[in-house]
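Taken together, the values in this text are just the output of simple stated rules run on the coordinates, not laboratory data. Fair warning: this is a prediction, and the values are worked out from it, not measured in the lab. Every residue, glycine among them, receives a Cβ derived from its backbone with ideal geometry; neighbour counts consider all protein chains shown.
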Amino acid sequence: MILPKGLEAEFWQEFKQFEQERSMSYITTGERIGYERGKEEGQQEQAQTLVLRQLQKRVGELPQQVREQIQGLSLEQLEALGEALLDFSALA
């Protein structure tokens, strides 16, 4: 099938764009590991912030020592603490 010049140019432009959208860039192992670590760190920081805000709302101003302990928790520990917050009303 032969297309008119204008349609042929449009076809090839859209085809090139389609190919570019379909191509995947190569990510090295180091880049992938860095991306995963950054993602995990971001999740941990969000969990810390959320737990600290929930605790402060539940019991009032938190001592610095408590804040530091929370900042030292793993993501799994922060998630467990977040769930446990629903069951208590005092910091002790």
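A simple spin-label model places pseudo-atoms 7 Å from Cα toward Cβ; at Gln65 and Thr49 they are separated by 2.8 nm. Exposed loop sites here mean chymotrypsin sites (Phe, Trp or Tyr not before Pro) with a DSSP loop assignment and at most 13 other beta-carbon atoms within 10 Å; the chain contains its longest site-free run at 27-87. The three principal axes of the C-alpha atoms in the stretch 40-85 carry coordinate ranges of 28, 20, 14 Å, sorted with the longest axis first. Candidates Thr49, Phe15, Tyr26 compared by Cα position along the dipole of the chain: farthest toward the positive end lies Thr49, with charges placed on Cβ. Once the Cβ-Cβ distance between Glu40 and Phe11 is put in as r, and R0 is 41 Å, what FRET efficiency do you end up with, to the nearest 0.05? That pair, Glu40 with Phe11, gives E of 0.35. Charge dipole (Cα centre; +1 on Lys/Arg Cβ, -1 on Asp/Glu Cβ; no other charges) of the chain amounts to roughly 180 debye. Each listed q (0.14 Å⁻¹) maps to a log10 I(q)/I(0) for the stretch 16-92, found by the Debye formula over equal Cα scatterers with no solvent: -0.58.
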